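The values are calculated or read from the model by the stated rules, or taken from the named source; none is laboratory data. All of these numbers come straight from a predicted model, not from anything done at the bench. Here Cβ is always computed from backbone atoms with ideal geometry, including for glycine, and neighbour counts include all displayed protein chains. Only protein heavy atoms, including side chains, enter the accessible area calculation; ligands, DNA and RNA are left aside. Shrake-Rupley method; radii C 1.70, N 1.55, O 1.52, S 1.80 Å.
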Amino acid sequence: MAILPSISIPQPCAQPWAAMSPTASGRHCAACATEVVDFTRMSDAEILAFMARQGGRPVCALAHSAQLAPLAPATRWRRWLLAGLALLGWQSATSCATKPPQPPPVATAAAPATDPAMAPARQVIIRGQVLDGVGGPVVPGVRVLINDTQFGTTTDEKGNFELIMARDWAPIAGGSVTLKFFGNPFDFQEKTVALDLKASPQPAALVVPMESVPNRGKVKGKIRMPEPPVAPPKG
């Protein structure tokens, strides 16, 4: 399956595919009152021929991500997140929800780290690695958020993450931490891991397997083509 460089879905749609009514070419989306064409059943030549027959009319489609022109990383991350929020029922997404996680405070004003030897006792360090399923490959770019805040981090290219927090920081002062893991919402379900800091003040390294969503790796939305395709000659 080759990438079609002239075809992309810049604004992915979060309407569930399973809830749409089957049609001859795909499924009917009641929310948009339009047909969503199933490109996953077509070859590259069939897709281009189909688009050429539309004469420039807008087309909504379901496609494998490998069939589409790749987006720039920052643009892809933001659009995936916005679509994921819509999938979870958010009617609007605030600007802070589309920003990278903010690092948590490692010390508080009430307890300045004047003695380096005492700094570890005043901090909580959580490390781990995010995998694609149990025993699967690592997953980079996963957002890791702390409790119900915008503080956290993002997994690196090896799927690793590290969180260093002041022990008396308000969100964890009660002795518990809930980590929420957000990958590409078209690939992974949200993952939640709860830790009891009273029982384990310095938790052991975590291994976090992400679970796939239905129709993983497929993207729905309105097709964008910089130039209209030319229909192949007949005969």
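Quick look at the numbers
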| item | result |
| --- | --- |
| Summed side-chain charge close to Lys218 - residues other than Lys218 whose Cβ falls under 14 Å, Lys, Arg +1, Asp, Glu -1 | +2 |
| Estimated FRET transfer efficiency (Ser21, Arg216; beta-carbon r; R0 22 Å; 0.05) | 0.50 |
| Accessible area of Ile164 in the full protein assembly, 1.4 Å probe (Å², nearest 10) | 50 |
| Aspartates and glutamates with Cα under 17 Å of Lys180, excluding same-chain neighbours fewer than 8 positions away | Asp132, Asp148, Asp156, Glu162, Glu190, Asp196, Glu211 |
| Sequence of Lys191, Lys158 from largest to smallest accessible area, 1.4 Å probe | Lys158, Lys191 |
| R0 of 30 Å, Cβ-Cβ distance Glu190-Ala33: FRET efficiency to nearest 0.05 | 0.50 |
